[in-house]
Amino acid sequence: MKNFYVISGSSGVGKGTVIKEFLRRNPNFRLSISCTTRGMREGEVDGVNYFFLNREEFQNCIKNNEFLEWAEFSGNFYGTKREFVEKCLENDENLILEIDTKGALQVQSLMDNAVLIFIAPPSVQELEKRLRGRHTETEEAIQKRLNSIKLEIENSKHFDYKIINDTVENAVKELERIILEKA
Ligand code: 5GP
C-alpha cells in the first residue's frame, strides 16, 4: 500500500509552519483533519483546522472504535478518524498526519506504510522562547507543554526520520527530500 507520512514535533517547534510551506509547494499532498476537545483558537474554523468535539462526542467515537489513534495531550483529547485515513489511501491520495508522538507510535504499530518524521527544535531553550512568543497559551498551559517535551524526545527515538528545524527553508527542503525518497 502507498506510504503516508506522520509528522510530530513539540509544541512551538514550528512544525505547523513547516507543514504549511510544504503543502504550499506540494499541493498534491493533503493534511488529515483531526478531532479535538480543546477550545477553538482565534482564527480557527471547525472542519478546517480540526473537528471540534465535546468530551461526550469524543468518548462516543472511542467507544465506537472510530479512531485509528487517539491521545490525551495537555489535558485535551485528540484523535484521527480511521475512515478519513482509509478513504484517502483508497483514493491514492498523498496524505500527511500531524499528530503527537504517542499517536504516531500507535499508527506505526498498526500500519506498515506509515513513515514517521519528528521535527525537533535546535534546542529546548529555543523551543521555550518560541512557545512564549506565540502568546496563545496561559503560563500553566505553557508549563504543561514544556513538561511533555521529555516524553516526546524519548518517543521520537522510534521514528524513521528526524529533522532539526533551524530554519523553515532547511526544514521544508529536508521534508521534501525524505518524502520524495519514500514516495
Ligand atoms: P494544538 O493544540 O497545538 O493544535 O495541538 C497539540 C498537539 O496535538 C500537537 O502536538 C498536535 O500534533 C497534536 N495532535 C493534533 N491532532 C492530533 C491527533 O489527531 N492525534 C494525536 N494523537 N495528536 C494530535
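Readers should treat all values here as calculations from the given coordinates under stated rules, not as data from a laboratory. Treat the numbers as computed from the prediction; the structure is a model and nothing was measured. Every residue, glycine among them, receives a Cβ derived from its backbone with ideal geometry; neighbour counts consider all protein chains shown.
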Going highest first, how would you order 158-166, 129-137 by mean Cβ packing within 10 Å?
158-166, 129-137
Projected label distance in nm at N91 and S109, using a 7 Å step from Cα toward the beta-carbon
3.0
Would you kindly derive the ³J(HN,Hα) couplings of the range 152-164 from the backbone phi angles with the Karplus curve 6.51 cos²θ - 1.76 cosθ + 1.60 (θ = phi - 60°), listing them in order in whole Hz, with x for Gly and Pro?
4, 5, 4, 4, 5, 5, 8, 7, 6, 9, 10, 10, 8
Once you have the Cα-Cα distance between R30 and K2, take 0.36 nm times their residue separation minus that, and quote the gain in nm to one decimal.
8.7 nm
Hey, can you rank 28-37, 65-74 by average C-beta count inside 10 Å, highest first?
65-74, 28-37
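Just how large is the dipole of the range 1-97 about the Cα centre, in debye to the nearest 20, putting +1 at every Lys and Arg Cβ and -1 at every Asp and Glu Cβ?
Working: 13 positive and 14 negative charges, 65 e Å.
Rounded to the nearest 20 debye, it is 300 debye.
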Highest-first arrangement of 96-109, 43-56, where packing means the average Cβ count within 10 Å:
96-109, 43-56
Where in the range 162-177 does the label zone of T17 land, with the point 7 angstrom along Cα→C-beta and an amide N cut-off under 19 Å?
163-176
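Using only the Cα atoms, what convex hull volume per residue in Å³ does the chain have?
On the way: hull volume 21.4 nm³, N = 183.
Roughly 117 Å³ of hull volume per residue.
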Can you tell me, using C-alpha contacts under 8 Å and at least 6 residues apart, the relative contact order of the chain as a whole percent?
34
Spin-label point model (7 Å from Cα, Cβ direction): what's the N54 to A141 distance in nm?
2.0
Any lysines whose Cα falls less than 21 Å from that of K150, other than same-chain ones fewer than 8 residues away, would be K15, K102, K129, K162
